[in-house]
Amino acid sequence: MAWHEHTATANERGAMNEPVDGLRTLEAAFVDLAGDGGRWPVLVALDFDGTLAPLQDDPERSRILPDGVRQLERLAAVGVRLALVSGRGVDVLARLARVPVGTTLIGSHGGERAQVLPSGLGSTMSPLTPAQESLRAQADALLSEVAQGCPGGWVEAKPAAAVLHTRLAGPDETARAQAQAREVGTRLGLHVLEGKDVVELAVLDVDKGSALAALRDELEATTVVYAGDDRTDEHALGRLRPGDIGIKVGEGQTLASYRVPDPEALVTALAVFADALEARHPQP
């Protein structure tokens, strides 16, 4: 499902927000949430790249900010349910992201799900059918041909998708390669997801919003905090309800109510949330 094709939910209000800019305003919202017992349980669901981890030219170098690791541990210790919601595969996400035991990992834009257990990773992804695996392989091969004509472009193979990356390519080459990638997706009948310098061709019709809504229902979470930096995160932000907290990290149009400039600012806000929760629920 391409970004421009996604079906609007009732909560999307028909237009993008002009979010409230500023770290202090978001911190105040977190303090209010910490003190309002009627809004619990709380699920904090966060994108990975560009949200908890600064963007890297080499995706293998992405890591959660060290203080982000600490804040997630503090939130988990006071009963906040945690999830990472990413386009990455869950195995890669588990390897790159240091998160507390019990954290839910949603990968491949909702095509995979796993939980971090004391003994490792408990995955709930169903295997692809032979037909789906054949389509994924075709997409990988055709995108590899596109990347060969795009200096700086490269292809990532995911469990249920193939992804063209153009972060290191020039603007003209990027535009041409992305158009070719979209054409490949249309030709194969795949679901096209577009984000920052990526075009993903997925064999599963999934998105972050549907995955977040399902997790919320399973956990019976009254309030959801969601933060993301990319266009694919808008699917999740569009599924938030009144009283939830949606955060856009960085520039760009958004459905979020709050905006912070970068992952460092988001981690600072999470620390204020943890401070407020620990003040009201001191640990023995």
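Among 24-35, 74-85, how do they line up from the highest to the lowest mean number of other beta-carbon atoms within 10 Å?
Working: 24-35: 17.6, 74-85: 20.3.
The packing order, highest mean first, is 74-85, 24-35.
Using only Cα atoms, locate the centre of segment 45-77 and the centre of segment 161-182, then give the distance between them in Å, rounded to an integer.
The distance from the Cα centre of segment 45-77 to that of segment 161-182 comes to 26 Å.
So how do E73, E251 rank on accessible area, 1.4 Å probe, biggest first, that is with the largest at the start? Provide the component values of the computation, followed by the final result.
Values: E73 85, E251 145 Å².
Final ranking, largest accessible area leading: E251, E73.
Run through the DSSP bridge list for the chain and note the antiparallel percent, rounded to the nearest 5. The partial results should precede the final answer.
Numbers: 24 of 46 bridges.
Taking every DSSP beta bridge within the chain, about 50 percent pair in antiparallel fashion.
Roughly how much of H235 is accessible, in Å² to the nearest 10, using a 1.4 Å probe?
Here the accessible area works out near 10 Å².
Out of segment 150-239, which trypsin sites (Lys or Arg not before Pro) are coil in DSSP terms and have no more than 16 other C-beta atoms within 10 Å?
Details: sites: R167, R176, R182, R187, K196, K208, R216, R231, R239; in loops: R167, K196, R239.
In loop regions of segment 150-239 (DSSP not H, G, I, E or B), the sparsely surrounded trypsin sites (Lys or Arg not before Pro) are R167, K196.
Based on a Kirkwood Rh over C-alpha pairs, give the Stokes-Einstein translational diffusion coefficient of the chain at 25 °C and viscosity 0.890 mPa s in µm²/s.
Numbers: Rh = 19.3 Å.
Stokes-Einstein gives a translational diffusion coefficient of 127 µm²/s.
Measuring with a 1.4 Å probe in the full set of protein chains, what accessible area per residue, in whole Å², belongs to the chain?
44 Å²
Measure off, as a whole percent, the carbon and sulfur share of the 1.4 Å-probe accessible area of the chain, all protein chains present. Don't jump to the answer; show the numbers that get you there.
Details: 6290 of 12370 Å².
Roughly 51 percent, rounded to a whole number.
The values are calculated or read from the model by the stated rules, or taken from the named source; none is laboratory data. Predicted, not measured: the structure shown is a model, and the values here were computed from it. Ideal geometry is used to build each Cβ from the backbone, glycine not excepted, and the neighbour counts take in all protein chains shown. Note: areas computed on protein heavy atoms with side chains; ligands, DNA, RNA excluded. Shrake-Rupley method; radii C 1.70, N 1.55, O 1.52, S 1.80 Å.
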